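Encoded as structure tokens, the structure appears first; notes follow it.
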Amino acid sequence: MHHGWLLEAVPGPQVPEGIAGRTLPAAVPGCVHSDLLAAGLIADPFHDDNERGLAWIGRTDWIYRTTFRHEPGADDRVDLVCAGLDTVATLTLNGVEVGRTENMHRGYRFDVRSLLRPGDNTLVVRFDSAYRYAEAHQDRLGDRPNAYPEPFHFIRKMACNFGWDWGPTMVTAGIWQEIGLHTWSTARLATVRPLVTLDGADGRVELRVEIERASGEPVTVRAAVAGVTVDATIPAGEVATELTLSVREPARWWPRGYGEQARHSLEVTLLGPGGRTLDSWSRRIGFRSVRLDTAPDAHGSPFALHVNDVPVFVRGVNWIPDDVFPTRITRGRLAERLGQAAAANVNLLRVWGGGRYESDDFYDLADELGLLVQQDFLFACAAYPEEEPFGAEVEAEAREQVTRLAAHPSLVLWTGNNENIWAWHDWDWQEPLAGRSWGRGYYLELLPRIVAELDPTRPYWPGSPWSGGEDVHPNDPAHGTTHIWDVWNTHDYTRYRAYLPRFVAEFGYQAPPAYATLRRALSDEPLAHDSPGMAHHQKAADGDAKLQRGLDAHLPAPRDFDDWHWLTQLNQARAIQLGVEHFRSHRPVCMGTIVWQLNDCWPVTSWSAVDGDGRRKPLWYALRRAYADRLLTVQPRGEGLALVAVNDGPTDWRASAAVTRLTLTGEPRAKTSLELDVPAYSSVTLALPAELARPDEARHELLVADAGEPAGRALWFFTEDKETAWQPAAWDAVVEPIGDGRRVRITARTVLRDLTLFPDRLDPAATVDDALVTLLPGESATFTVRARAALDPAALTTRPVLRCVNDLVA
Ligand code: BMA
């Protein structure tokens, strides 16, 4: 039922002329914004400040209408099934109301057999303005504190739709997931919930099945996985059963880097009288166990994820909806984005609570790639009312989503909310709340009860952050999970080193998107850090000033926009690399870091590693290095320096590390060799002798530690770049054509700090395989550039395409 839909605005003073009274074709699944855009009736919402002119859309009621043919048969039931409606909908079939909905995060099913006519039938779905609905509840229940001045906590709809500190305000409406008629007789599978674990070396599936009946006879559920088949009969009058399947020593599912992602097809069939197939269901499951270790220890209480009884250091990224308009997020696009995460050595995605319960495609890809997933329940940065209808809606939504996602081996953790418990403690909520509900009952009672009842195989953690109990501050770094935001908001990034956290679930640092992304989205002429489009595509409080504060602390002053763009991107990469290396160097006290954030939903200056057009920022390359299985890093320890080797891999790591203190012109001042012997899943800290840790002339020297491939090399500079006595950058470049691009070989004549190529400045389609490479005099690096256009070799090897820090030195 995805064809022939028409859309019109319900008349109102806010509806612009030219749209009022007009009927346009509607994409289903889709949303009003994308239909208006496709019809040429609105300007691209991502371009310049067009967002401003589109606020009326969310304040308008919309009518979707289609006519479809139907020939009634002898079936017991014909249901109208809506996988997702956004959000406040009234459905009318042939003039008769069939139902109303008010929750984007649920699916709906209506028995419409008696309303269908032979031949043409008309289905109308009217969406009321999400604002009007939310504001009515806000007035009725009393306002509650919220991080942004929008009523997103008074409607069960994706919160970031109302704008965020990285996203525009585009309050959508529409049939955002599949819709259609489902014809069935006797009985159908209503819910299928496989609880998959390990029992020693054996695989175990506890399968909980609920059916819906149209008639009374006994039916049989048959389940098969990995050659094991089990049947259970559901007698007349009953609607549920449980089956257990035991598989002897199956190939297991592992997170990436720890083993294979073996998946087994689980087939469930519902058989009626005479063995007739009534319904069927199938998913690819994975046998694995999950456990959280939170038992108090000498440092506080840990937060350590164990998969198949192996402790996994979480190298995570936070995930937000990949587009403001969800139906533009195809499987192909998710495959690209999750592929980018995997290629950056990420092993966990946290699906943040201001977005959505991620799609089946998202989870299927995560299963395939061995990416672990933490899914937040959908509450973010606000005090949420627990009064009706919200209590019942939240319960229904949670039951549906816990069931829907149960089959996925990648899903290893449910979290109650994003920052709401922390906010209740620290964001001055308690006085304005004056005792009104704020969500505590969801996070500490309802949701843990639902997870324990429906899916006891998975851990639940009440919030991000959360410290394990109400007697401990929810963001205490010594207990459970923590978010570190003082670094971006008020302090320099070196402050990450002041923390010894057990698990950092959010920390981030901003940078603008790629130049080609800015150029596509903004018509500012010239582009400047504060030109109108740039300013509109920076949503964070004081974002520009915070970027500047970071530059001032570390890097030479930018002379123009090109410098500013390069240096802010570099600073983002440096900040996060410093944080990750520090946190990883404290394994096993710290057992995870989740960087805020992997992706964007439009072109914007944000904390992302991959921008809204899918282009990788320098941070992505820094993350790939900092998140490698084997990490070599120089860290301050006490008065001196230490070399820390972190081994997240399954085999022991033995190597010698050559450590040299040398001048920027390449003359060695001191040398030593250290033997590394790092067992699997551990780290080793070796103090560096004073003659290495102490420079003769700090501004003129660096430290290089090299343990050979694959860990590569660790660097330490004794001063900030802005104080370092750089030689002006000098190199020899050789550019060779290759099939679809160029190979660029740079040989350094002086130290070249963080050499990076920006080929998107020459061709928006161009990509490069490496970035942020520091070369010593005489060393070479080779970059492979893929492009559509034939790139000019001279342009490829000069400013603003080829950059390093010391090209700012005259
Ligand atoms: C965290 C997140 C988001 C926000 C980000 C950057 O608190 O949970 O709400 O976008 O910070 O400010």
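The values are calculated or read from the model by the stated rules, or taken from the named source; none is laboratory data. Keep in mind it's a predicted model, so treat the numbers as computed, not measured. Cβ sites come from the backbone with ideal geometry, for glycine too, and all protein chains shown count toward neighbours.
Condition check ((1) modelled with pLDDT under 95; (2) surrounded by 19 or more Cβ atoms within 10 Å (Cβ to Cβ); (3) under 26 Å from the mean Cα position of the chain (by Cα)) across all residues:
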{"site": "Arg22", "(1), (2), (3)": "no, no, no"}
{"site": "His33", "(1), (2), (3)": "no, yes, yes"}
{"site": "Ile42", "(1), (2), (3)": "no, yes, no"}
{"site": "Pro45", "(1), (2), (3)": "no, yes, yes"}
{"site": "Glu51", "(1), (2), (3)": "no, yes, yes"}
{"site": "Trp56", "(1), (2), (3)": "no, no, no"}
{"site": "Arg69", "(1), (2), (3)": "no, no, no"}
### Query
Does Leu518 fit the bill of being buried (at least 19 other Cβ atoms within 10 Å of the Cβ) and farther than 16 Å from Trp607 by Cβ?
yes
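Yes/no per residue for (1) of a type in the set (Asp, Glu); (2) more than 21 Å from the chain's Cα centre (by Cα); (3) more than 15 Å from the ligand (Cβ to nearest atom); (4) over 26 Å from Gly300 (Cα atoms):
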| position | (1), (2), (3), (4) |
| --- | --- |
| Ala498 | no, yes, yes, no |
| Pro501 | no, yes, yes, no |
| Ala505 | no, no, no, no |
| Ala521 | no, yes, yes, yes |
| Ala541 | no, yes, no, yes |
| Asp552 | yes, yes, yes, yes |
| Pro556 | no, yes, yes, yes |
### Summary
Flagged in the range 113-132 as more than 22 Å from Arg156 (Cβ to Cβ), not in a strand (DSSP E or B) and not basic (Lys, Arg), in numbering order, are Ser114, Leu115, Leu116, Pro118
### Query
Listed residues Leu372, Leu349, Leu338, Leu334; which is within 16 Å of the chain's Cα centre (by Cα), within 16 Å of the ligand (Cβ to nearest atom) and modelled with pLDDT of 95 or more?
Leu349
### Query
For the range 695-792, which fully contained strands (runs of 3 or more DSSP E) count at least 1 residues that are at pLDDT 95 or above and under 30 Å from Gly649 (Cα atoms)?
701-706, 713-717, 752-757, 773-775, 780-786
### Meets criteria (surrounded by fewer than 21 Cβ atoms within 10 Å (Cβ to Cβ), closer than 29 Å to Gln635 by Cβ, in contact (Cβ under 8 Å) with a residue 12 or more places away in the chain and more than 35 Å from the chain's Cα centre (by Cα)) for Pro777
yes
### Task
Considering every residue within the range 556-567, establish whether at least one is over 23 Å from Val504 (Cβ atoms) and in contact with a strand residue (DSSP E or B) (Cβ under 8 Å, 6 or more places away or on another chain).
yes
### Query
Of all the strands (runs of 3 or more DSSP E) wholly in the range 25-112, which have at least 2 residues that are charged (D, E, K, R)?
62-70, 77-82, 96-102, 108-111
### Message
For the structure I just gave you, tell me whether Asp199 is within 32 Å of the chain's Cα centre (by Cα) and surrounded by 19 or more Cβ atoms within 10 Å (Cβ to Cβ).
### Response
no
### Message
So for the range 165-176 (the condition being within 16 Å of the ligand (Cβ to nearest atom), on the phi < 0 side of the Ramachandran plot, crowded, with 18+ Cβ neighbours inside 10 Å and small (Gly, Ala, Ser)), does at least one residue qualify?
### Response
yes
### Check on His529, in contact (Cβ under 8 Å) with a residue 40 or more places away in the chain, touching a Phe, Trp or Tyr at 6+ places or on another chain (Cβ under 9 Å) and not aliphatic (A, V, I, L, M)
no
### Task
Looking for whichever is away from the ligand (no atom under 16 Å from the Cβ) and farther than 30 Å from Asp111 by Cα here; the options are Leu198, Leu181, Leu189. Which one fits?
Leu198
### Message
Looking at the structure I just gave you, is Thr186 at pLDDT 95 or above and surrounded by fewer than 19 Cβ atoms within 10 Å (Cβ to Cβ)?
### Response
no
### Query
Just one of Val346, Val307 is farther than 18 Å from Asn417 by Cα, in contact with a strand residue (DSSP E or B) (Cβ under 9 Å, 6 or more places away or on another chain) and buried (at least 24 other Cβ atoms within 10 Å of the Cβ); which is it?
Val346
